[in-house]
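Just below is one structure, and these are the notes that go with it.
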Amino acid sequence: MNDAPLRFDTKIAVLLREDLETWQRLNVTAFLVSGLGTELPEVIGEPYEDADGVPYLRMFRQPVLVFEGTKETLTAAHTRALSRSLPRSVFTGDLFATGNDRDNRAAVRAVGTGELDLVGLAVYGPRNAVDKVLKGARMHP
């Protein structure tokens with residue numbers, strides 16, 4: 001049995017706009033990462049089970065790193081993620097005013113790419129590519 005720590009050549013990262021309230025940061029992060037898990041099965045690990053045999057859902061196989069930055073940092077990261085064709089999910093300020101999935105999608109669809117009021121971005125890919133996307137961001141405190 002190999003007890004060496006498992007290292008990944010990929011990275012899951014969330015970038016949040018620095019002016020969000022605490023509840024917004026948590027909500028946006030949860031929404032953003034849910035998109036990655038549904039589209040990228042390789043990021044999901046095996047199911048969990050406790051010592052009594054009670055099963056639990058699968059979760060990401062690797063850590064999710066959370067960063068923060070200015071609106072400009074977020075816009076630049078979004079542009080870089082698009083140019084690298086990395087899998088991504090977005091959360092815009094407009095989504096705080098909607099109350100359901102259909103209206104969420106309509107709110108994003110109503111705005112051009114360059115005009116999105118980005119408050120959060122999740123991205124997945126090779127470590128070096130994700131690092132380049134996040135240039136200028138800092139780890140969330």
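Bear in mind that the values in this text are calculations on the coordinates, not laboratory data. Note that the structure is a prediction, hence the values are computed from the model and not measured. Positions of Cβ are generated from backbone atoms using ideal geometry, with glycine treated the same way; all protein chains shown enter the neighbour counts.
Data overview
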| quantity | calculated |
| --- | --- |
| 10 Å binning of all Cα-Cα separations within the stretch 61-115, expressed as whole percents from 0 upward | 18, 46, 33, 3 |
| Dipole in debye (nearest 20) - the chain, about Cα centre, beta carbon charges: Lys, Arg +1; Asp, Glu -1 | 620 debye |
| Convex hull per residue volume in Å³, alpha carbons only, for the stretch 7-59 | 129 Å³ |
| Cβ-derived FRET efficiency at R0 35 Å, residue 101 paired with residue 79, nearest 0.05 | 0.85 |
| Charge-dipole axis of the chain as Lys and Arg at +1 and Asp and Glu at -1 on Cβ define it, positive-most pick from 123, 31, 55 | 123 |
| Cα gyration tensor shape of the stretch 39-141, rounded if a/c is under 1.5, else prolate or oblate by comparing a/b with b/c | oblate |
| Fluctuation leader among 126, 47, 63 - the chain, Gaussian network, Cα springs under 10 angstrom | 47 |
| Cleavage-rule hits (trypsin sites (Lys or Arg not before Pro)) in the stretch 1-39: DSSP loop, at most 14 neighbouring Cβ within 10 angstrom | 7 |
| Local electrostatic count, residue 90, Cβ distance below 12 Å [Lys/Arg +1, Asp/Glu -1] | +2 |
| Calculated [θ] (222 nm, deg cm²/dmol) that DSSP helices of n ≥ 4 give over the chain, each run adding -39,500 (n - 2.57) | -10500 deg cm²/dmol |
| Gaussian network model of the chain, springs between alpha carbon atoms under 10 Å - residue of 65, 16, 86 with greatest fluctuation | 65 |
| In the stretch 1-88, GluC sites (Glu not before Pro) in a DSSP loop with at most 13 other beta-carbon atoms within 10 Å | 21 |
| The chain: DSSP helices with Cα axial extent of at least 15 Å and average Kyte-Doolittle hydropathy no lower than 1.6 | none |
| Top of 130, 111, 54 by mean-square fluctuation, Gaussian network on the chain, Cα under 10 Å | 54 |
